[in-house]
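To start, the structure under review is shown below, and the notes come after it.
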Amino acid sequence: MRMYLSSFRMGDRPDQLLALLGGQGSAEVAVIANAMDAQPPDERRAGVERETSALTALGLQPTELDLRTFFDQPHQAVAAVLARFPMVWVRGGNVFMLRYALARSGADTALTALIRRDAVVYAGYSAGPCVLAPSLRGLEYCDDPHVVPATYGMPVIWDGLGVLDYAVVPHIDSPGHPESQALGVVAANYDADGIAHRTLRDGQALVIDGEDTRIC
């Protein structure tokens, strides 16, 4: 597996992200921004543009892959598109909205398979790393799960993708981020309940390259 899991946006070590691509400095990147699907369209659009600008500045070629266009289609459709990208960038927002979009489009199964075959670099921040955990329970203290039934009339999905055997808790000890205090409580609750997790401050990223895992 190759992953660059940032606490907030690009983090302080984008060089580590590019290193995971093995010299593909102009690689195509699928930008998944469905964690923002409950936001007003102009806010969502601005969020996507911010991600594509940051990735373009690194020499990459980002394209938004809106999972909503694959809702209720055969899951092979999104799998075929994802397989064309050497990297996906999954931006922050509401982790429950992201999880729902991944499930309804079939991207959860497709991405998990690609990650485990080391066929894609999985990168992103905040909700992007959080969704990889075995479970999303506990994150409701920070993200509102009710946006899923309010938006789609469907139940919340509490299972994470299970790619990691621990949770990633971003924005810890990051006073400039509005969710830092809430996520500090999430991490404390995980400690109390014995739930395996790793914490990240804004600027930090968890980098996974095969057997090598490090925070930088």
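The values are calculated or read from the model by the stated rules, or taken from the named source; none is laboratory data. Bear in mind that the values here come from a model prediction, so they are computed numbers and not experimental data. We place every Cβ from the backbone using ideal geometry, glycine too, and count neighbours over all the protein chains shown. Please note that ligands, DNA and RNA were not included when accessible areas were found on the heavy atoms of the full protein model with its side chains. Shrake-Rupley method; radii C 1.70, N 1.55, O 1.52, S 1.80 Å.
Please identify the pairs in which a residue from segment 133-154 that is at negative phi has its Cβ atom under 9 Å from the Cβ atom of a residue that is among the small types (Gly, Ala, Ser) and open to solvent by 70 Å² or more (accessible area, probe 1.4 Å), counting only partners at least 6 apart or on another chain. From segment 133-154, the pairs are Asp144/Ala150. Residues that are surrounded by 13 or more Cβ atoms within 10 Å (Cβ to Cβ), of a type outside the set (S, T, N, Q), outside any strand (DSSP E or B) and within 15 Å of the chain's Cα centre (by Cα): does segment 175-193 have at least one? Within segment 175-193, none of the residues are surrounded by 13 or more Cβ atoms within 10 Å (Cβ to Cβ), of a type outside the set (S, T, N, Q), outside any strand (DSSP E or B) and within 15 Å of the chain's Cα centre (by Cα).
In segment 15-50, how many are surrounded by 16 or more Cβ atoms within 10 Å (Cβ to Cβ), within 16 Å of the chain's Cα centre (by Cα) and under 25 Å from Arg201 (Cβ atoms)? Qualifying residue count for the region: 8. Within segment 59-71, if we keep just the residues that are in a loop (DSSP other than H, G, I, E, B) and touching a strand residue (DSSP E or B) at 6+ places or on another chain (Cβ under 9 Å), the residue that is most open to solvent (accessible area, probe 1.4 Å) turns out to be Asp66.
For segment 160-174, enumerate the residues that are touching a residue at least 40 places away in the same chain (Cβ under 8 Å) and surrounded by fewer than 18 Cβ atoms within 10 Å (Cβ to Cβ).
The answer is Gly162, and nothing else.
The residues listed here are Tyr122, Tyr100; of these, the one that is open to solvent by less than 10 Å² (accessible area, probe 1.4 Å), under 22 Å from Gly47 (Cβ atoms) and not basic (Lys, Arg) is Tyr122.
Residues in segment 125-155 that are surrounded by 15 or more Cβ atoms within 10 Å (Cβ to Cβ) and among the hydrophobic types (A, V, I, L, M, F, W, C): Ala127, Cys130, Val131, Leu132, Ala133, Leu136, Leu139, Cys142, Val147, Val148. Assess whether Thr109 counts as being touching a helix residue (DSSP H, G or I) at 6+ places or on another chain (Cβ under 7 Å), assigned to a helix (DSSP H, G or I), modelled with pLDDT of 95 or more and open to solvent by 70 Å² or more (accessible area, probe 1.4 Å). So Thr109 passes the test.
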